[in-house]
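Data block below; observations after.
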Amino acid sequence: MKTLLAVLKKEWMETVRSGKLTVLVILSVLFGIMNPAIAKLTPWMMELLSESLSENGLSVGNITVDALTSWTQFFKNIPLLLVVFVLIYSSIFTKEYQSGTLIPILTKGLPRYKIVLAKFILVFSLWTLCYWLCFLVTYGYNAFYWDNRTVSCLFSAALYWWLFGAGITSVMVFFSAFSSGSTGVLLGTGGYVTAAYTAGLLPHIKEYSPVMLTNSLQLLTASAKPDGCMKAVLVTVLLGTFSVAASVPLFNRKQL
Amino acid sequence: MDALTITNLTKKFGDKTVLDKLNLSVPKHSIFGFVGKNGAGKTTTMKTVLGLLKPDEGRITVAGERVVYGQTKTNRHIGYLPDVPEFYSYMTPYEYLAFCGKISEIPAKDLKSRCCGLLELVGLKNEKHRIKGFSRGMKQRLGIAQALLNRPKLLICDEPTSALDPVGRKEILDILLLAKEQTTILFSTHILSDVERICTDAAFLDKGTIVLQGSVSGMRNLNSSKKYVLELADRKDTEKIMQAFTGLTLNQNHELVFREESGLLFSILHFIAEQKIPVQKLEHMEIPLEDLFLEVTKP
Ligand SMILES: Nc1ncnc2c1ncn2[C@@H]1O[C@H](COP(=O)(O)OP(=O)(O)OP(=O)(O)O)[C@@H](O)[C@H]1O
Ligand SMILES: [Mg+2]
């Protein structure tokens, strides 16, 4: 346990001192501000555009914005935050493989699974931190300008999307445990998302696909019920657990 | 019991056999020089001992305990200095050692004094900067400090001196000599003068097998390594001897050089006595390890 804590502390130090944490926190806050800001600015932009639009024969009706507009923006933009997150942390193992920094550590008799575990705990917690930070900022602004209570199932929707992201962090750890370069990790993670999307299009398997968790708009507008996602939740949790568990023997077998 | 025993180790990369039934044993409290050309397989052997590479065949034991690939249990007996040591560049040397100490489960109360002691030993005590800007030599020193941290029974150093200037090399060798008090040292190199300077034992690696192994003093006294130099007063006599015997060579100073094989020395001396040839000089020459190495690794 003590050694695991030491490795975790080292990972944290790396994230702080390399400036990754600063970048992520700034991005999360910016993304959080952007959602209500875009919602706020939409009517104004439409007004600006309306002249040129009406010249083209399009008329713009009165646009009303509320918390739903802002939350729609949130769920539209959060994939971008996830992509940035994956890009930053896709090299969390591979950088160490390439520079050889793991060798002095492992040759001290540190069990390899502790490295996998520490790195997973770090990316998982950081994803949680970034996601909920972004959420909180948007939530605060929305509460100030509008009323968050007008959207239905907000917390389930947010929790599901967070889970989808958390699933991706564990898949990323899985591919990192055996691919030597970060390209492999990105391809593998991309492959997981593609497979999930493909499954999400097929009629019978659809409800099992983790992509179901990102159907947030239907939850917000009450056109879907949170219970409908239960199978997808189960699949995502199982896949995530399996990914992390399977990375241990894979990493044990890796030649460094 | 030996600190390290390797029996019949075979390692292939694809269809290329790098190690071919290699046998090696490193006696306790020795400084063991592991000599081989570039690409001979020194690093491969060491990494296999550390469980970082999977052997195709063979058995390795460290302090009597068997090495299992991927399971790093035997590594608690070992300190390792990689050939190109890389450490976390965002830490200071002290922070790095303290981190290593925690993962080797050194009791917290000893940790500080041990880290400081080692930093002093390798001359990095006053270095408060992060590892990022370190030179090769500084990284090499930090490498030795981290390798000695858990008081290993076996210290494995992969070419600790090859990237250093003469002063740095001497300093590293001196540190190794100091470390000898507490541990067994296996170090690879292709600098034979380093072996002559500090090693008690050595092994020569060529084409994936050990071609010669033993104590350094024993190697020096090897029969095949005994050479004689004979100088005669008259050049004509030199030619006479050259014609009468085989296996002699002439060096630049017109001296005869030969190996003591099947009583050659006595036959020549007999010949000289019979013919009453005046002798200027007869010398027993100790050949440097380098020549011995070149000889045993001849293609
Ligand atoms: N990961 C690898 N994949 C394929 N071949 C490898 C690998 N590692 C080493 N080799 C090959 O194995 C041989 C031995 O390499 P090794 O690094 O053990 O040599 P060495 O004795 O340490 O050489 P040097 O003195 O240059 O450090 C080389 O021919 C090298 O090409
Ligand atoms: Mg090498």
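General observations
- Whole-number percent relative contact order across the range B:1-122, with pairs defined as alpha carbons under 8 Å at least 6 apart: 21 percent
- Put in order of Cβ neighbour count within 10 Å, fewest first, the listed residues A:PHE75, B:PHE245 become B:PHE245, A:PHE75.
- A helix-only calculation puts the protein assembly as shown at -17000 deg cm²/dmol for mean residue ellipticity at 222 nm, using -39500 (n - 2.57) for each DSSP H run of at least four residues, averaged over all residues.
- Helix runs (DSSP H) in chain B reaching 15 Å along axis by Cα, Kyte-Doolittle at least 0.0: B:93-103, B:108-121, B:166-179, B:264-275
- Anchor B:LYS226: lysines whose Cα lies under 25 Å away (excluding residues fewer than 8 positions away in-chain): B:LYS37, B:LYS240, B:LYS281, B:LYS298
- Restraint check, A:LYS114/B:LYS73; B:LYS12/B:LYS207; B:LYS54/B:LYS180; A:LYS95/A:LYS254; A:LYS108/B:LYS125; B:LYS102/B:LYS180, Cα-Cα greater than 18 Å: B:LYS54/B:LYS180; A:LYS108/B:LYS125; B:LYS102/B:LYS180
- Test item: Cα-centred dipole of the range B:246-299, Lys/Arg +1 and Asp/Glu -1 on Cβ, debye: 220 debye
- Kyte-Doolittle mean at least 1.0 and Cα axial length at least 27 Å: DSSP H helices in chain A: A:20-55, A:67-89, A:112-145, A:154-176, A:230-252
- Taking Cα centre as origin and charging only the Cβ of basic (Lys, Arg, +1) and acidic (Asp, Glu, -1) residues, the dipole magnitude of the range A:1-156 rounds to 1280 debye.
- From least to most packed, judged by other beta carbons within 10 angstrom and beginning with the fewest, B:VAL167, A:VAL171 follow the order B:VAL167, A:VAL171.
- Extreme residue, positive dipole direction of the range B:4-221, given options B:TYR69, B:LEU19, B:THR183 (C-beta unit charges): B:TYR69
- Amide proton proximity set for B:LEU186, modelled H, under 5 Å, gap of 5+: B:PHE32, B:LEU155, B:ILE156, B:CYS157
- Contact order relative to length of the range A:136-256, as percent, for alpha carbon pairs under 8 angstrom and 6 or more apart: 35 percent
- Chain A - Rg (one decimal) and Dmax (whole number), Cα, Å: 21.1, 74
- Extension gain (nm, one decimal) between A:MET45 and A:MET13, 0.36 nm per residue minus Cα-Cα: 7.2 nm
- Ranking of A:THR194, B:THR161 by count of other Cβ atoms within 10 Å, fewest first: A:THR194, B:THR161
- Value of relative contact order over chain A, rounded to a whole percent, pairs C-alpha under 8 Å and six or more apart: 24 percent
- Angstrom value of the Kirkwood radius, inverse mean 1/r, which spans all Cα pairs in chain B: 21.7 Å
- B:ASP56 paired with A:ASP66, simple spin-label distance in nm, labels 7 Å along Cα-to-beta-carbon: 7.3 nm
- Charged side chains reduced to their Cβ positions (Lys and Arg at +1, Asp and Glu at -1) give chain B a dipole of some 1280 debye around its Cα centre.
- Cross-link partners for A:LYS76 among the lysines, with Cα-Cα distance under 19 Å and sequence neighbours closer than 8 places in the same chain left out: A:LYS40.
- Fraction of antiparallel bridges per DSSP, the range B:4-221 only, in percent to nearest 5: 50 percent
- Within the same chain, aspartates and glutamates fewer than 8 places from B:LYS47 are excluded, and of the rest, those with a Cα less than 15 Å from its Cα are B:ASP56, B:GLU57, B:ASP83, B:ASP158, B:GLU159.
Computed from the coordinates by the stated procedures, all read-outs in this text should not be read as laboratory data. Everything numeric here is computed off the predicted structure, so don't read it as measured data. When we count neighbours, we look across all protein chains shown, and the Cβ atoms used for this are built from the backbone with ideal geometry, even at glycine.
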